[in-house]
Structure formats: structure tokens, C-alpha cells
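In what follows, a structure is listed as C-alpha cells, so that the remarks can point back to it.
The values are calculated or read from the model by the stated rules, or taken from the named source; none is laboratory data. Here the structure is a predicted model, which means the values were calculated and not measured. Because the Cβ atoms are built from the backbone with ideal geometry, glycine has one as well, and the counts that use them run over all protein chains shown.
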Amino acid sequence: MSIVLDGTNGITTNAGTLLSATTIGVGGTTPSASGAGVSFPATQSASSDANTLDDYEEGTWTPADGSGAGLSFANIQAQYTKIGRMVFASATFDFPSTASTATNSISGLPFTVGTTSGYIGGFITNGNVAVAVRFRPGNNSSTGSIRDGSGTAQTNVALSSGAFTINAVYMV
Amino acid sequence: MAFTETKIIDQITVTENGIVLYREATRILKDGEQIAQTYHRTSLTPGQDLTGQPVQVIAICNAVWTDEVIAAYQAQIESQTI
């Protein structure tokens, strides 16, 4: 028996068309009904093989105040994409006016950050507060903090009324 | 042809240090068959305010977040510098 894959007929056998799909489900997943691509299980089926892509997920998340000051962020837009073990999470939000001297903490990251220090990073692509340069996710946590260029986590009052777009890249 | 939207928490995870993560799936059904799905993820750290969280998530947090777990998590966060 021969099997042929081409862009016109999909997968065909010498006995006729076997499958002509624009989406493929792996791990028993029902292929997506829209678009074209590969559908992964809703819950990751982790592979220990270094050459196997075993997860893909995209969605939204909600950054929140984790400093204990009870702050509420406004105008939130936050999205994430997880590819294999890498997470790319970004969020735009407005920091409230506050006099809190607690160290800022942004909670709600969509996945827990891995335990290995160094496999994480983050930056601010938009902001109106000069001391806000870095975003540092914390190892083995789902929070991060806004820091200055030297890595010092800022207080809430230093970020008061600021508008930020933070970006985090980390391994789970 | 009928379209419906359902929201369901389809995944709740608790990490070793007490972080509770859950995923809300929004599913679009056409005549009862799912045609689209989106996700929204939320993570909660030990001791965090649970106002507005789903009842089943609150129950898990309250069970997991002992004083010891909260204190250990705070110590972990405070120990992280650069």
C-alpha cells in the first residue's frame, strides 16, 4: 500500500482518499473545526524526548496586585502563548494612584515559573515611569515584579498612576 | 441552527508550594457540537485575596493554604533578589 501526502488531496492511499483534513489532532485530540493546524490535547501529555513538541496553548490571563496593598489595575489586556515548555506572557494595564510603599508584585501569571534561575526574563515595552525597565518573574512562583535597570524591585508608590506593557518569557 | 456559549473550569492545578492555577474554557457550540474554544488562566498565590474566585477554587485554596504554606511561600518570595 502506498500513502501520499500532498497539498491538494491531503493524505491518500492507493485505495482512495484516506483523509483530507486541514487540521490534525494528536494524542486522541479532536481536530479543530476552524483554520488549519495541529491540535494538541487540552491537558499536556508531556514527552521526555528532546525533539518532540508536546504542548501548545494560547489564551488570556489577568494580572493582579500581589503586593498585599489591595490595588486594582485598570484597562487590562493580557495574553499568553505556551509552546512546549516556553511561556510568552504579556499584559497591558494601568497602575492605580497609590501611596503604598510595599514592593510591587504582579500576580496571576498563567503558568508557574520553573525552578531553575536564569531561565526567565522580562521587559517593559511600554511605560511612562522611568524606573520601570524590567519585569522579573519569580522562580517557582506565578508572580513577578517591575524593576529598574539595576534589578531593584520598585515600590508601589514609585509606579503610581503608571501605564505599562510587561512581557515575560520563561520556562515552566 | 443554534449557537450557545458555555464557560467551564476545566483544569485546576496545585503546585508543591501551594500556588493554585485554574483554567476557564469558553466553548462555542453549534447545534450542540463544539466549534471553537478559548482559555483564560488565573493563578493564585498562598494568602492571596480570594474575592470573586469560583467556589470550587476557593475551597481548594482554603484547604491547601495553611499558615505554614503561606509563611513558606512568603519566605520564598522574599528570598528572591535579582
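Can you name the residue in the stretch B:39-51 that is more than 15 Å from A:Trp61 (Cα to Cα) and not polar (S, T, N, Q) and, of all such residues, is farthest from the other protein chains (Cβ to nearest Cβ)? My answer is B:Leu50.
Does the stretch A:112-151 hold any residues that are among the polar types (S, T, N, Q), without any contact (Cβ under 8 Å) to a residue 40 or more places away in the chain and surrounded by fewer than 16 Cβ atoms within 10 Å (Cβ to Cβ), and which are they?
To start, the set of residues in the stretch A:112-151 that are among the polar types (S, T, N, Q) comprises A:112, A:115-117, A:125-126, A:128, A:139-143, A:145, A:150.
When the remaining residues are screened for being without any contact (Cβ under 8 Å) to a residue 40 or more places away in the chain, the result is A:115, A:117, A:126, A:128, A:139-142, A:150.
Those that are among the polar types (S, T, N, Q), without any contact (Cβ under 8 Å) to a residue 40 or more places away in the chain and surrounded by fewer than 16 Cβ atoms within 10 Å (Cβ to Cβ): A:Thr115, A:Ser117, A:Asn126, A:Asn128, A:Ser150.
Only one entry of A:Ser90, A:Ser100 meets the criterion of being more than 30 Å from A:Thr52 (Cβ to Cβ) and modelled with pLDDT of 95 or more, and that entry is A:Ser100.
Going through B:Ala36, B:Ala25 one at a time, which residue ends up being part of a strand (DSSP E or B), at the interface with chain A (Cβ under 10 Å from one of its Cβ atoms), surrounded by 16 or more Cβ atoms within 10 Å (Cβ to Cβ) and of a type in the set (Gly, Ala, Ser)? Walk me through it before giving the result.
On the way: B:Ala36 fails: surrounded by 16 or more Cβ atoms within 10 Å (Cβ to Cβ).
Checking each option against the conditions leaves just B:Ala25.
Among the residues of the stretch A:55-71, those that are surrounded by 13 or more Cβ atoms within 10 Å (Cβ to Cβ), part of a loop (DSSP other than H, G, I, E, B) and either within 12 Å of another protein chain (Cβ to nearest Cβ) or modelled with pLDDT under 95 (or both) comprise A:Thr62, A:Pro63, A:Gly66, A:Ser67, A:Gly68, A:Ala69, A:Leu71.
Residues that are in a helix (DSSP H, G or I) and β-branched (Val, Ile, Thr) were ranked within the stretch B:53-82; the one that is surrounded by the fewest Cβ atoms within 10 Å (Cβ to Cβ) is B:Val55.
Applying the set (1) more than 28 Å from A:Thr43 (Cα to Cα); (2) of a type in the set (S, T, N, Q); (3) more than 14 Å from chain B (Cβ to nearest Cβ) to A:Thr92 leaves exactly one unmet item: (1). If you check A:Ala74 against the conditions, is it within 12 Å of another protein chain (Cβ to nearest Cβ), touching a residue at least 12 places away in the same chain (Cβ under 8 Å) and either over 17 Å from B:Leu50 (Cα atoms) or acidic (Asp, Glu) (or both)? Against the criterion (within 12 Å of another protein chain (Cβ to nearest Cβ), touching a residue at least 12 places away in the same chain (Cβ under 8 Å) and either over 17 Å from B:Leu50 (Cα atoms) or acidic (Asp, Glu) (or both)), A:Ala74 does not qualify.
If you go through the stretch A:72-95 and keep only what is in a loop (DSSP other than H, G, I, E, B) and either buried (at least 18 other Cβ atoms within 10 Å of the Cβ) or of a type in the set (Lys, Arg) (or both), you end up with A:Phe73, A:Arg85, A:Phe95.
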